[in-house]
1. Of the conditions (1) open to solvent by 50 Å² or more (accessible area, probe 1.4 Å); (2) modelled with pLDDT of 95 or more, PRO238 clears all except one; give me its number.
2. Let me confirm something: among GLY149, GLY173, which residue is among the small types (Gly, Ala, Ser) and under 22 Å from TRP97 (Cβ atoms)?
3. Residues that are in a strand (DSSP E or B) and away from the ligand (no atom under 16 Å from the Cβ): does the stretch 104-114 have at least one?
4. Taking the stretch 89-103, which residues are open to solvent by 50 Å² or more (accessible area, probe 1.4 Å) and within 16 Å of the ligand (Cβ to nearest atom)?
5. Please enumerate the residues belonging to the stretch 72-88 that are more than 14 Å from the ligand (Cβ to nearest atom) and of a type outside the set (D, E, K, R).
6. Among the candidates GLU204, GLU165, single out the residue that is more than 28 Å from THR87 (Cβ to Cβ) and free of Cβ contacts under 8 Å to residues at least 24 places away in the same chain.
7. Just the residues that are open to solvent by 70 Å² or more (accessible area, probe 1.4 Å) and either within 16 Å of the ligand (Cβ to nearest atom) or in contact with a strand residue (DSSP E or B) (Cβ under 9 Å, 6 or more places away or on another chain) (or both), please, taken from the stretch 128-164.
8. Would you point out the residue of the stretch 179-193, among those that are more than 16 Å from the ligand (Cβ to nearest atom) and more than 22 Å from VAL150 (Cβ to Cβ), that is surrounded by the most Cβ atoms within 10 Å (Cβ to Cβ)?
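The values are calculated or read from the model by the stated rules, or taken from the named source; none is laboratory data. Source: prediction; values computed, not measured. No Cβ is skipped: glycine too gets one built from the backbone with ideal geometry, and neighbour counts run over all protein chains shown. Ligands, DNA and RNA are stripped out before the accessible areas are found, and what is left, the full protein with its side chains, is counted by its heavy atoms. Shrake-Rupley method; radii C 1.70, N 1.55, O 1.52, S 1.80 Å.
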Amino acid sequence: MKQAGRLSAAVLREVGARVEPGVSTYELDRFAEEYIRDNGGIPTFKGYGGFPGTICASVNEEVVHGFPSKKRVLKEGDVISIDVGATVDGWAGDNAWTFPVGKVAPEVKRLLDVTEECLWAAIEMARAGKRLGDIGSACQRVAKAAGFGVVREFTGHGIGRQMHEEPSVPNYGHRHLGRKLRSGMVLAIEPMITMGSPRVVIAENGWLVTTADKKPAAHFEKTVAITEEGPALISVEPTRRRPVGGANY
Ligand code: MG
């Protein structure tokens, strides 16, 4: 799983480096697929439930599951959540990051910072003996304190040979409640946070999720193993619990 996690992190880093005004989400997707295949992996999302791309590219009010498109050209001030998974030797990795396109409004920057903070607070709770509710409530507390909304319709998930395995990992909940976490579990933890109302609308085909009030959303995700020593990020270098410099991976 470390190999799948590292490749997932590497492709996310490389795609993120190509985010700039004038680039289409289709171009980002093409790059991502090539990068994964060139490095010995299989794009986990492609064909998953009929998903057409290697990345989910969700811009501004789009929360998750955006289809890459030639028509979606990024412009200054946008934010884009890129969610990408790679499968290596039958094991899946999954991670996401929301990137600013050029300079974004201060409130949007704050949304990104807070959502990343939600991710780290949640990961901190991914420890043997804690419960799923500890992860969710840690995320929820950070979002609430900032005045932002937590999307409830979609959650993180267990991950292994399949991208989506038991258990669901909600980004809300109550401390001390829910399934107990054990060493050896691997979870994809992925806060989806909205600037306004947490209400979302789902497209008729079941894919694209947008905020009901059309305000921006952010989404950050990492694959995390629960070990005897605590949470271990496996969609980054394994020795570094939290990347130096904050908004990085
Ligand atoms: Mg995921």
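1. Just one mismatch for PRO238, condition (2).
2. The conditions single out GLY149.
3. So far as the stretch 104-114 goes, no, none of its residues is in a strand (DSSP E or B) and away from the ligand (no atom under 16 Å from the Cβ).
4. The one that is open to solvent by 50 Å² or more (accessible area, probe 1.4 Å) and within 16 Å of the ligand (Cβ to nearest atom): TRP91.
5. VAL73, LEU74, GLY77, VAL79, ILE80, VAL88
6. GLU204 is the lone residue from the list that is more than 28 Å from THR87 (Cβ to Cβ) and free of Cβ contacts under 8 Å to residues at least 24 places away in the same chain.
7. Scanning the stretch 128-164 gives LYS130, ARG131, LYS144, ARG152, GLU153, ARG161, GLN162, HIS164.
8. The extreme case among them is SER183.
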